[in-house]
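A short worksheet on the structure shown next.
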Amino acid sequence: MVSISTLLRYVGCRMEYAARVGMKSYERGAKDVDIMKNFFQGKLTFLHFNKGEEMAPTIGSQGGTLLVRKIPVPDAKRVFVGDLVVLKDPANSDDYLVRRLAAIEGYEMVSTDDKDEPFVLEDDQCWVLADNENIKPKQEAHDSRTFGPVSMTDIVGRVIYCLRNAVDHGPVSNSQFSMRYDSPILEVELDVDEMVKNHKA
């Protein structure tokens, strides 16, 4: 049973989401923006299956079904360093990657390799990394160490829950602010049975 305070916070999240989707549509030239339609339509989350060694141990190497909070307009006030995000793959925009947000605009990036010059991330840029420290950074990680900075607008959501199998699942560790901000969405929209049913491993 969801508490009244959680439900009110969830309604607030839905209102903010509806307003942001409406604003995004308006900026793209839509003349008829219906915020109430966005408020009542669908969930604030979607399921995403991720497979590969890059995000172990956060997501098992055999893969995991992820509950992802939609972020229609990602910026430095909505997505934070430490968050586990789903973003468009810079190598193939039809695919998606799950990576840890390591730095955002304004951060100075200094490499451990003396050949690489330091640089500062520009407006709307971010740096994403794989969690697995046992893989070779430039050969196996497929993260910003390989493809460089990515645009914040390539982020489509923040992972809030991971199901590795029917008995191994739980909330994902994100920035402290994000975990508090996402808690009503997790409480209202989490359906472990649905995640197990959709799990591909």
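Accessible surface for residue 185 stands near 0 Å², nearest 10, in the context of the full protein assembly shown (1.4 Å probe). Taking the chain as a Gaussian network of alpha-carbon nodes connected by springs under 10 Å, the highest mean-square fluctuation of the residues 78, 69, 28 belongs to 28. Over the chain, the hull volume per residue, using the convex hull of the C-alpha atoms, is 134 Å³.
Between residue 200 and residue 116, how high is the FRET efficiency from 1/(1 + (r/R0)^6) when r is the Cβ-Cβ distance and R₀ = 30 Å? Nearest 0.05. After rounding to 0.05, the efficiency reads 0.20.
Based on protein heavy atoms only, the range 44-182 ends up with 50 Å² per residue of surface accessible to a 1.4 Å probe. Report summary: the helix-based calculation at 222 nm, which adds -39500 (n - 2.57) for every DSSP H run with n ≥ 4 and divides by the residues of the chain, gives -8500 deg cm²/dmol. Working note: Karplus 6.51/-1.76/1.60 with θ = phi - 60° gives the range 71-84 the couplings 10, x, 10, x, 8, 5, 9, 10, 10, 10, 4, x, 6, 8 Hz, where Gly and Pro are set to x.
Normalising the average separation of contacting C-alpha pairs (under 8 angstrom, six or more residues apart) by the number of residues puts the relative contact order of the range 89-201 at 17 percent.
Pairs exceeding a 26 Å alpha-carbon distance, out of 24/51; 88/136; 51/197: 24/51. Rounded to the nearest 0.05, what FRET efficiency do residue 5 and residue 81 give with R0 = 41 Å and r taken as the Cβ-Cβ distance? Could you check? It comes to 0.90. Take every pair of alpha-carbon atoms less than 8 Å apart whose residues are at least six positions apart; their mean separation over the length of the chain yields a relative contact order of 24 percent.
Taking every protein chain into account, the 1.4 Å probe leaves residue 117 with about 140 Å² of accessible area, to the nearest ten. Close amide-amide hydrogen proximity is noted between residue 161 and 67, 172, each under 5 Å apart and 5 or more residues distant or on a separate chain (H modeled in the peptide plane; Pro and chain starts excluded). About its Cα centre, the dipole of the chain is roughly 800 debye, where the only charges are +1 on Lys and Arg Cβ and -1 on Asp and Glu Cβ.
Only lysines eight or more places from residue 43 in sequence, or on another chain, were considered; those with a Cα closer than 17 Å are 70. For the range 99-143, the relative contact order comes to 41 percent (Cα pairs under 8 Å, sequence separation of at least 6).
Note on residue 138: lysines with a C-alpha under 18 Å away, same-chain residues under 8 apart excluded, are 115. Summing +1 for each Lys or Arg and -1 for each Asp or Glu among the other residues whose beta-carbon sits under 11 angstrom from that of residue 95 gives -1.
The values are calculated or read from the model by the stated rules, or taken from the named source; none is laboratory data. Given the structure is predicted, the values throughout are model-derived calculations rather than measurements. A quick note on method: Cβ atoms are made from the backbone with ideal geometry, for glycine too, and the neighbour counts reach across all protein chains shown. These area figures cover heavy atoms from the full protein model, side chains too; ligands, DNA and RNA do not enter into them. Shrake-Rupley method; radii C 1.70, N 1.55, O 1.52, S 1.80 Å.
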